[in-house]
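To start, the structure under review is shown below, and the notes come after it.
The values are calculated or read from the model by the stated rules, or taken from the named source; none is laboratory data. Owing to the predicted nature of the structure, the values given are computational and were not obtained by experimental measurement. Glycine gets a Cβ as well: all are built from the backbone with ideal geometry, and neighbour counts include every protein chain shown. Only protein heavy atoms, including side chains, enter the accessible area calculation; ligands, DNA and RNA are left aside. Shrake-Rupley method; radii C 1.70, N 1.55, O 1.52, S 1.80 Å.
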Amino acid sequence: MSLQAKYQELIDAANASGASAMSVNEENGVLLVTAKVPNAEVHDNLFEIYNRIDSNGLSGDLIMNLEIANEVAGANCTVTTEDTALNVRSGPSTDDQVIGMADKGSSVTLLEKTNEQWWKIRTSNGLEGYSYSQYLTVE
Amino acid sequence: MFESITIEKNKMKKINVFAMLLAVVALSFGVTGCKPKDADIKAAVEKALTEKGMEGMTADVKEGVVTLTGECKDDACKTSCTDIAKGVKGVKEVVSNCTVKPAPMPVEKAEDATLVKALADAIKSYATIKGEVKDGGFVLSGTIAQKDWKQLQQVLPKLGSTKKGDFSGLTIK
């Protein structure tokens, strides 16, 4: 079975949920998929499908790079930590000092996606700093 | 009877003198004529080296003593150059001033180095797993909690690897 056939359901789901600029390439035993998806929900859903097709994604035969369209400068985000408030730091790393906190459930403004893991934000108090993107969901 | 002996003696004398003269002439020829000139030796040595593929070598010759200068790619090449020079007519001795190029350091491909750093940063917060880059693909091993794997899985595709990942050593708790 070709990899494209293996992941056909995933590709179909991506298309159905409004993915754009999609490219699918099979080379050297791996399927490379890149696409722009409208929001984090679609993104998470596609990963769920992936994990179902390939039990926990442990085959390593799919590299799916999804860009979330609404994650842009100026977007409003909700702090989606599990319980605690989110650290806001002076730089994009856990080596940088904590300069403030953003409460769980509060709204912050995305200023810049510094990298995949760290975003520069502005809290409702006007505090600007860097927080772990995993705990920020674009509204 | 005695006259013939005397005549023979005289003849011998003449032959001896002639032979000696011949020898002297031959010797003098040998010292200046038959032996190649230094300039000729230089040209011959440099030509021989070039023919054998050793580029950029210079031979300085003084009275048949050749001093080689240049850069050799390794020690074997250096020995070879000396031997080639020795084989040239008129060369009395070869002194090698050849330098050997240091062996190039094995260089980690630029893409691999970037991937190594990207992977290290990505797994920094998951203490119980190890990761490495092999032929451009990520190799992960160790144990990881399901929810952590879910996050890491979404970060990995963004790091730039386009090769199959090897997660066979990974245990999901």
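Out of (1) facing another protein chain (nearest Cβ under 8 Å); (2) in contact with a Ser or Thr (Cβ under 7 Å, 6 or more places away or on another chain), what's the single condition that is false for B:T162?
(2)
Among residues belonging to region A:29-50 that are crowded, with 16+ Cβ neighbours inside 10 Å and more than 12 Å from the chain's Cα centre (by Cα), point out the one that is farthest from B:G137 (Cα to Cα).
Looking at residues that are crowded, with 16+ Cβ neighbours inside 10 Å and more than 12 Å from the chain's Cα centre (by Cα), I get A:I49.
Just for helices (runs of 4 or more DSSP H) wholly inside region A:1-78: which have at least 1 residues that are under 30 Å from A:T123 (Cβ atoms) and of a type in the set (V, I, T)?
Helices (runs of 4 or more DSSP H) meeting the threshold: A:40-53.
Exactly one condition in (1) touching a strand residue (DSSP E or B) at 6+ places or on another chain (Cβ under 9 Å); (2) surrounded by 13 or more Cβ atoms within 10 Å (Cβ to Cβ); (3) within 14 Å of another protein chain (Cβ to nearest Cβ); (4) among the polar types (S, T, N, Q) is not met by B:S80; state its number.
The number of the failed condition is (3).
So, in region B:119-163, exactly how many residues are within 42 Å of the chain's Cα centre (by Cα) and closer than 20 Å to A:D61 by Cβ?
Counting residues in region B:119-163 that are within 42 Å of the chain's Cα centre (by Cα) and closer than 20 Å to A:D61 by Cβ gives 16.
Just need a number here: residues in region B:117-132 that are open to solvent by less than 40 Å² (accessible area, probe 1.4 Å) and either modelled with pLDDT under 95 or not β-branched (V, I, T) (or both).
Looking only at that region, the number is 6.
For region B:137-159, enumerate the residues that are of a type outside the set (A, V, I, L, M) and within 9 Å of chain A (Cβ to nearest Cβ).
Passing the criteria: B:G137, B:F138, B:Q146, B:W149, B:K150, B:Q151, B:Q153, B:Q154, B:P157, B:K158.
Among the residues of region A:52-68, are any open to solvent by less than 20 Å² (accessible area, probe 1.4 Å), in contact (Cβ under 8 Å) with a residue 60 or more places away in the chain, touching a His at 6+ places or on another chain (Cβ under 9 Å) and within 14 Å of chain B (Cβ to nearest Cβ)?
yes
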